[in-house]
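Down below is the structure, laid out as structure tokens.
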Amino acid sequence: MFYKIINAIIRVVTYFIFPYKFYGKENMPQTGGALIVCNHKTFFDFLYITMSLKRPVALIAKQELFKNRFLAWLFDKYGAFPINRGGNDLGAVKKSIGLLRDGKAVLLFPEGTRNKGIKIGDVLGGAALIAAKAGVPLVPVYINSREKPFSKQIVIMGKPFVLPETKRTDSAYLQLTADTIKEKLLELCIYDPQTGIMEEYKG
């Protein structure tokens, strides 16, 4: 209940500053484990997703954000937990996989950091490992961000996809997984930040 209350308050405040249009909400599975993989433009990216979906979503966030007391409190209410981007954070990886296998929805920014210069950055190995071992559908989301207050943001959720079943976790397979995630995100990209051209989303 507290999650819903916090979500409702933040939804009202955020929408006036960063109005957005969300396409494809019907693609989100309503039950069972689901790993949401999303590109990362601004700090507010996670809010567009958590505010728009009916089911709670746990967030994997960089550990530096938890040093701020308010953010640590806010993320805790969202079921968020930290991950060390600079090393092999096996604890966070195991927790992510455990939540997914328990039927939870988890949000992951596979680029690992905000990326404003190009459409999609490289997918990190940790993100690929979580996706490869979780054994749940992946739900791609692309945010066509204008990165300016009071400019409409476009959020597009694509159809879930499933990685081939395998017990492999070698570097070659993880690279294949990373490439697949990146391709699925690029399929949703309709805004080129280098040219500023926003196409109409056809669905």
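The values are calculated or read from the model by the stated rules, or taken from the named source; none is laboratory data. Keep in mind it's a predicted model, so treat the numbers as computed, not measured. Glycine gets a Cβ as well: all are built from the backbone with ideal geometry, and neighbour counts include every protein chain shown. Ligands, DNA and RNA are stripped out before the accessible areas are found, and what is left, the full protein with its side chains, is counted by its heavy atoms. Shrake-Rupley method; radii C 1.70, N 1.55, O 1.52, S 1.80 Å.
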Quiz item: So for the pair K25, K77, with labels modelled 7 Å out along Cα→Cβ, what separation do we get in nm?
Solution: 2.0
Exercise. Hand me the chymotrypsin sites (Phe, Trp or Tyr not before Pro) from segment 36-90 located in a DSSP loop with no more than 13 other Cβ atoms within 10 Å, in residue order please.
Key: F43
Quiz item: At a 1.4 Å probe, what is the % contribution of carbon and sulfur to the accessible area of segment 22-169?
Solution: 52
Practice problem: At 0.36 nm per residue, minus the direct Cα-Cα distance, what do L90 and F44 gain on full extension? Give it in nm, one decimal, please. | Solution: 13.9 nm
Quiz item: In the structure displayed, which of K67/K159; K25/K182; K41/K67 lie more than 30 Å apart, Cα to Cα?
Solution: K67/K159
